[in-house]
Structure formats: C-alpha cells, structure tokens
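Okay, structure first, notes after.
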Amino acid sequence: MITNVVVTYQIKPESLDEHVRLIEGVFDQLRGDAPSNVEYKVMMLEDGVSFVHVSTADTPDGANPLPALEAFQAFGKDIDARIATPPNVTNATIVGSYIPAGGLGT
C-alpha cells in the first residue's frame, strides 16, 4: 500500500542549526540503509523557519518506515523545544510526479 504524508511546521529561529543537523542525520541514515520502499524530501522555505516534509512509502500495511529509523527518532526527540508551531500532518494523494533518470541530487 502506498501512502503519502506532508508535514508542515515552523521552528524557532535559534533552533535552526540543530534542526537542520538532525534532518541531515536522517538523510545520512537513509543513504546508508538505502531502503527501496520510501521516498523522503525536506524543504526549508524562504523565511528560514518554515519546513515541509514529503514522504512516500510503499509497505504492506501502509505504515511509514521513517519513524523506526534511529536518526528519525533522534530528530523527533525534544522537537517541542525546537518548534514554534505544531506540525500539521496531512495525508496526500500524488496527482503527478516527475523525477529524471539519475535524479537531481540533494
């Protein structure tokens, strides 16, 4: 079952460096583990405090494997101290997607 989740929130400006470091840790683990059943992208918006996470997972039960990652758990630990607004978690349906062969990098 394929599931798509979009999460949006804002962080406290003084938490930016730590927050980005923790996000990078998730991507380091994903590159090392190389799971074939999850796509994940995180964007920081122009204001420097708003973030958008987009995740697509393909699992038999529809559960996203990201929360099981050690680095993702580290990212979630003490997140309340870093965020200015609560995360808004929304399930989504992909209407269209294009990723060129070889991707665009990170």
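Hey, got a sec? Which GluC sites (Glu not before Pro) in the stretch 4-106 land in a DSSP loop and have at most 11 other Cβ atoms within 10 Å? Before the final figure, lay out the partial values.
On the way: sites: 14, 18, 24, 39, 46, 70; in loops: 46.
When the GluC sites (Glu not before Pro) of the stretch 4-106 are filtered for loop state and at most 11 Cβ neighbours within 10 Å, 46 remain.
Give me the angle, in degrees from 0 to 90, between the Cα long axis of helix 16-33 and the longest principal axis of the Cα atoms of the chain, rounded to the nearest 10.
20
Can you list the residues, at least 5 places off or on another chain, whose amide H is less than 5 Å from the amide H of residue 83, using H built in the peptide plane?
Sorted by chain and number, the residues that satisfy this are 12.
How large is ³J(HN,Hα) for each residue in the stretch 51-66, as worked out from phi by the Karplus curve 6.51 cos²θ - 1.76 cosθ + 1.60 (θ = phi - 60°), to whole Hz, x for Gly and Pro?
10, 10, 10, 10, 10, 10, 10, 10, 9, x, 9, x, 7, 7, x, 4
Would you work out the charge dipole size for the chain about its Cα centre, treating the Cβ of every Lys and Arg as +1 and the Cβ of every Asp and Glu as -1, and quote it to the nearest 20 debye?
Working: 6 positive and 14 negative charges, 29 e Å.
It works out to roughly 140 debye.
From Cα coordinates alone, what are the radius of gyration and Dmax values for the chain in angstrom?
Taking only Cα atoms of the chain, I get Rg and Dmax of 14.0, 40 Å.
Which whole-number percentage describes the relative contact order of the stretch 2-91, with Cα contacts under 8 Å and a sequence gap of 6 or more?
In percent, rounded to a whole number, it is 50.
Which residue, 49, 95, 38, has the most motion in a Gaussian network model of the chain that connects Cα atoms within less than 10 Å?
With Cα springs under 10 Å in the chain, the top fluctuation among 49, 95, 38 is at 95.
Since every read-out is calculated from the coordinates, none of them should be taken as a lab result. Only a predicted model underlies this, so the values are computations on that prediction, with no experimental measurement involved. A quick note on method: Cβ atoms are made from the backbone with ideal geometry, for glycine too, and the neighbour counts reach across all protein chains shown.
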